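Written out below as structure tokens is the structure these notes cover.
The values are calculated or read from the model by the stated rules, or taken from the named source; none is laboratory data. This structure is a prediction, so every number in the text was calculated from the model and none was measured. Ideal geometry is used to build each Cβ from the backbone, glycine not excepted, and the neighbour counts take in all protein chains shown.
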2 protein chains.
Amino acid sequence: MSDNAAALVDARVDCLQYCNWSRKIFSQMREGGLDAVHVTICYHEDFRETAANVVDWNRRFLEYRDLIMPGRFAEDVLAARQSNRTAIFLGFQNCSPVEADVGLVEVCHQLGARFMQLSYNNQSLLATGCYESDDLGITRMGKQVIAEMNRVGLVIDMSHSAERSTLEAIEASSRPIAITHANPSFWHPALRNKSDEVIQALSETGGMIGFSLYPHHLHEGSECSLQSFCEMVARAADRFGIEHLGIGSDLCQDQPDSVVEWMRNGRWTTERDFGEGSADKPGFPGQPPWFEDSRDFPNIAAGLAKVGFDDQSVAAVMGNNWLRFFEESFVAAGAPKYCPESSYVGEK
Amino acid sequence: MSDNAAALVDARVDCLQYCNWSRKIFSQMREGGLDAVHVTICYHEDFRETAANVVDWNRRFLEYRDLIMPGRFAEDVLAARQSNRTAIFLGFQNCSPVEADVGLVEVCHQLGARFMQLSYNNQSLLATGCYESDDLGITRMGKQVIAEMNRVGLVIDMSHSAERSTLEAIEASSRPIAITHANPSFWHPALRNKSDEVIQALSETGGMIGFSLYPHHLHEGSECSLQSFCEMVARAADRFGIEHLGIGSDLCQDQPDSVVEWMRNGRWTTERDFGEGSADKPGFPGQPPWFEDSRDFPNIAAGLAKVGFDDQSVAAVMGNNWLRFFEESFVAAGAPKYCPESSYVGEK
């Protein structure tokens, strides 16, 4: 399939990957035309362990400087494109790096974090996760952390949080929030996918959802067709407005199954939790053949065109919507969009 | 004493303070015309504890935003002056935040650190301190850390290090280094003051020394006269060149004596170490009457003029030399002086 010509001159963004990083994988980002990727650097790590993960990324930025560069602000997406590299934005899938100290929110932003989930499957100090049987919404500390994230420019991500907590986070946040990687329940009613009510509330407040290519989130799993995926995007555009839609592939390429075990179990359980998997299928599921790795992004652009999206709409979903969201989200509250001043402390 | 007119239009910098921070103290910085102050945020703290100290400073930047702002790069000194505030640059008097991980050097720079001493009185993993009986010079890890500090733009400070270690650091560093707070031994031969050989080597490589106003570093201690201090500066200018001289007052205002005990003892000893003090004088010594706090900076400028410095020379010592050094030192190796790009990873 050939790429969409208009999309080539626009930003292409994948708003969630957690791969076993290597030269091969960064090269494939370039081959797929990705100008920016949001990568996970924490599932259960505390602050000190997260700092060690930042050290690992700093080393990668040096070692692979021909292919990637640190993504801190929206303009880095354009700088990456101009230098034929991919800007890597760091994010947490859990609030564990903040521990019990709201002051660590700003410190994590200083270390480059741009997205943080308020909970990962389980109850956290801030919000309920999607695997808990009850959902108590945003906690007292959660409200403080949301305000602090709003101030410094750290995006609230509710991908793995429960319904009520997600709706309350949207309500409590003074800035748009994100669900970086999930799909609509109307297409595939998985526990991790999101209700119309959630996506509607997200959209009405200027938020973004990144559509996932992780098989457990897909209609018919690994057998899901590109056409079905793209028709889902078209239905979502009709219901919620195209400007709130992007891609967050949740690509976990080249990872051993021990990694999905860490994601699911961390150090919180003495039993074995299978998350979206099961005892007979404990590992990573196979990707659909039309999205094996970053080189397949042009397939999605072509698929969107095939189900009727015009060039501008394809470009919006493939990255321009995320780029606009990055512009609005990563600087301190009240600071100019394109002029992140080191001296700007943000507004309370 | 009236202030020097020319100094008023130039940058005024104090390159070392460790006060019991308060609105009063920040207001006095403004009254003394200070555009930038390098403050200590660590004596013995490990990385996690240092992050907590960064949290405290982030809170101060918010609470006292009418008086201070974060200092990250040289242009922040000018931005502070334009907004009638003082830019606060963070520094460590020890290498303890880096622990045994060279990768934490860059992470500390991301958190705003701009100076780091390689040792504080004692032997460290990197260098020997000035209180050890022997001096083995820069260690294997020390050489690695120096190269990494050079790459990211974290200044090597040898104020509390031993002679050989200091000379080897000057030799090993590819960028100019600093002794932020000490005086020449030729004027007052205290253990913490520096030999002609050290200051000569420092100057020849473009480094800076900040003259200390801490009584233990002064000829005749708390009784030291302004004239004697300024004549010392004049002799140093003759010997080493005026462009390498500045002020690093070592002001420890409003601190209880428990703080000087922490500086001296940290957690490294079960006995009590008195450092530059003694059992009968364990606390902070009294300041000379002409330098009680930041409001007295104009006294020094006037004193320098009185011993014969012209306007330009007074301005150089009072801050312009430090400003030039900041321009050269805080950005990643190879990056433009005034354009710190978030994407710039520096040169090995």
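Summary table below
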{"item": "The listed residue being modelled with pLDDT of 95 or more, touching an Asp or Glu at 6+ places or on another chain (Cβ under 9 Å) and farther than 20 Å from B:N121 by Cβ, out of B:R192, B:R235, B:R175", "result": "B:R175"}
{"item": "Scope the stretch A:183-192; condition buried (at least 19 other Cβ atoms within 10 Å of the Cβ) and either aliphatic (A, V, I, L, M) or part of a loop (DSSP other than H, G, I, E, B) (or both); matching residues", "result": "A:N183, A:W187, A:H188, A:A190, A:R192"}
{"item": "Residue list for the stretch B:117-128, restricted to those being of a type outside the set (S, T, N, Q) and closer than 17 Å to B:G266 by Cα", "result": "B:L118, B:Y120, B:L125"}
{"item": "When residues of the stretch A:247-272 are limited to those that are under 19 Å from A:G286 (Cα atoms) and acidic (D, E), the one surrounded by the fewest Cβ atoms within 10 Å (Cβ to Cβ)", "result": "A:D257"}
{"item": "Test result for A:V198, in contact (Cβ under 8 Å) with a residue 12 or more places away in the chain, crowded, with 19+ Cβ neighbours inside 10 Å and over 24 Å from A:N321 (Cβ atoms)", "result": "no"}
{"item": "A:E223, sole failed condition from (1) over 18 Å from A:A172 (Cβ atoms); (2) crowded, with 17+ Cβ neighbours inside 10 Å; (3) not hydrophobic (A, V, I, L, M, F, W, C)", "result": "(2)"}
{"item": "Residues satisfying the stated conditions in the stretch A:298-313, i.e. buried (at least 23 other Cβ atoms within 10 Å of the Cβ) and under 24 Å from A:E75 (Cβ atoms)", "result": "A:A301"}
{"item": "Test set (1) touching a Leu at 6+ places or on another chain (Cβ under 9 Å); (2) surrounded by fewer than 19 Cβ atoms within 10 Å (Cβ to Cβ); (3) under 21 Å from A:G319 (Cβ atoms) - A:E243 fails condition number", "result": "(1)"}
{"item": "B:F325 being touching a residue at least 12 places away in the same chain (Cβ under 8 Å) and not in a loop (DSSP other than H, G, I, E, B)", "result": "yes"}
{"item": "Count of the stretch B:68-122 residues which are without any contact (Cβ under 8 Å) to a residue 24 or more places away in the chain and either among the hydroxyl-bearing types (S, T, Y) or touching a Pro at 6+ places or on another chain (Cβ under 7 Å) (or both)", "result": "1"}
{"item": "In the stretch B:146-182, the residues that are β-branched (V, I, T) and outside any helix (DSSP H, G or I)", "result": "B:V155, B:I156, B:I177, B:I179, B:T180"}
{"item": "Any helices (runs of 4 or more DSSP H) falling wholly within the stretch B:34-125 and containing at least 1 residues that are within 9 Å of chain A (Cβ to nearest Cβ), in contact with a strand residue (DSSP E or B) (Cβ under 6 Å, 6 or more places away or on another chain) and farther than 22 Å from B:G275 by Cα", "result": "B:47-63, B:75-82"}
{"item": "The one condition in (1) more than 28 Å from A:L111 (Cβ to Cβ); (2) touching a Lys or Arg at 6+ places or on another chain (Cβ under 7 Å) that B:V155 fails to fulfil", "result": "(1)"}
{"item": "Given (1) surrounded by fewer than 18 Cβ atoms within 10 Å (Cβ to Cβ); (2) under 18 Å from B:F92 (Cβ atoms), number of the condition B:D157 does not satisfy", "result": "(1)"}
{"item": "Residues of the stretch B:307-322 satisfying the condition of being part of a loop (DSSP other than H, G, I, E, B) and at negative phi", "result": "B:V307, B:F309, B:D310"}
{"item": "Candidates B:F297, B:F309, B:F326, B:F291, filtered to the one that is within 14 Å of another protein chain (Cβ to nearest Cβ) and modelled with pLDDT of 95 or more", "result": "B:F326"}
{"item": "Residue within the stretch B:134-151 that is buried (at least 18 other Cβ atoms within 10 Å of the Cβ), more than 23 Å from B:T205 (Cα to Cα), under 20 Å from the mean Cα position of the chain (by Cα) and more than 10 Å from chain A (Cβ to nearest Cβ) present", "result": "no"}
{"item": "Some residue of the stretch A:24-34 being in contact with a Gly (Cβ under 7 Å, 6 or more places away or on another chain), buried (at least 19 other Cβ atoms within 10 Å of the Cβ) and in contact (Cβ under 8 Å) with a residue 40 or more places away in the chain", "result": "no"}
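Each row is one residue, and each column tells you yes or no for (1) in contact with a helix residue (DSSP H, G or I) (Cβ under 6 Å, 6 or more places away or on another chain); (2) at pLDDT below 95; (3) within 24 Å of A:V98 (Cβ to Cβ).
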position: A:R12; (1), (2), (3): yes, no, no
position: A:A52; (1), (2), (3): no, no, yes
position: A:D56; (1), (2), (3): no, no, yes
position: A:R60; (1), (2), (3): no, no, yes
position: A:E63; (1), (2), (3): no, no, no
